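Asks: Quick one: this structure, given as structure tokens, is what I'll be asking you about.
Values quoted throughout were computed directly from the atomic coordinates according to the rules given, and no laboratory measurement underlies them. In this text the structure is predicted, and so the values were computed from the model without any measurement. Backbone-built Cβ (ideal geometry, glycine too); neighbour counts: all protein chains shown.
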Amino acid sequence: MKLFLSFLFSIFSSVMFSQDLAILKYKGGGDWYSNPTALPNLITFCNKTINTKINTKPETVEAGSIDIFQYPLLHMTGHGNVFFSEEEAKNLRNYLISGGFLHIDDNYGMKQYITKELKKVFPNQEFKELPASHDIFKTAFVFPKGLPKIHEHDGKRPQALGLFYDNRLVLVFTVESDLGDGWEDQEVHNDPEAIRLKALQMGANIVKYAFEN
């Protein structure tokens, strides 16, 4: 058992030394696969602007798989229901407390589900809104007003909500912004280039922050 735990710890630790990201697949019926061009476009932008060397074809990993420990950053999105089993929640918790980072981008309609399911991961934690002064808004590109608004849904202001472990930001949930839509190919949503650039720059900030913290 000690040897197995040592092996697991070495896998957990390796998350800090790789430089790649993956899409998180989850159960519950939500469309985890939405925005198919978003992450490849963001990766291409990061490789050009912040000197990353990320594989431009991101892998997909399941919440309960040990494969998540290969990646310092997981990206999760969708519109609908999310469900984590107890085993998946424990796996995600171990990933996050051992150096991993999860970015959840609400493509519209996730909040009620993800809030409930994250209680399985961190039962005693509540989301805290990140102030505009937080480092994540200035790691590579400066956003003096915080999270940018990319798409309108309910007319509410955009928010970056964080979960912390031992004072380390381990998860960011971006709401009422829809960064992923801004990362997609231009013809998908016909967003102006200025809007798409803001989305990509904020995405690059999240990637850089996750890789360096």
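Asks: Report, for the chain, the % of DSSP beta bridges that are antiparallel, rounded to 5.
Replies: Antiparallel bridges make up about 35 percent of those DSSP assigns within the chain.
Asks: Quick one: putting +1 on the C-beta of Lys and Arg, -1 on the C-beta of Asp and Glu, what dipole do you get for the stretch 89-171 around its Cα centre, in Debye to the nearest 20?
Replies: Values: 13 positive and 9 negative charges, 30 e Å.
Dipole magnitude for the stretch 89-171 comes out near 140 debye.
Asks: Can you compute the helix-only [θ] at 222 nm over the chain? Use -39500 (n - 2.57) per DSSP H run of at least 4 residues, normalise by all residues, nearest 500 deg cm²/dmol. Mind showing how you got there, number by number?
Replies: Details: 7 runs with 77 residues, N = 213.
Result for the chain: -11000 deg cm²/dmol, rounded to the nearest 500.
Asks: In the stretch 58-163, what GluC sites (Glu not before Pro) fall in a loop by DSSP, with at most 16 other Cβ atoms inside 10 Å?
Replies: Glu126, Glu152
Asks: Give the long-range amide H neighbours of Glu129: residues separated by 5 or more places, or on another chain, with amide H under 5 Å away, using H modelled in the peptide plane at 1.01 Å from N.
Replies: Amide H to amide H, under 5 Å and 5 or more residues apart or across chains, Glu129 pairs with Gly162.
Asks: For the chain, what is the charge dipole size about the Cα centre, in debye to the nearest 20, if Lys and Arg each add +1 at the Cβ and Asp and Glu each add -1 at the Cβ?
Replies: 620
Asks: Now for a separate question. Under a straight-distance cross-link criterion of Cα-Cα below 13 Å, which aspartates and glutamates are reachable from Lys120, leaving out those fewer than 8 residues away in the same chain?
Replies: Correct list for Lys120: Glu86, Glu87, Glu88.
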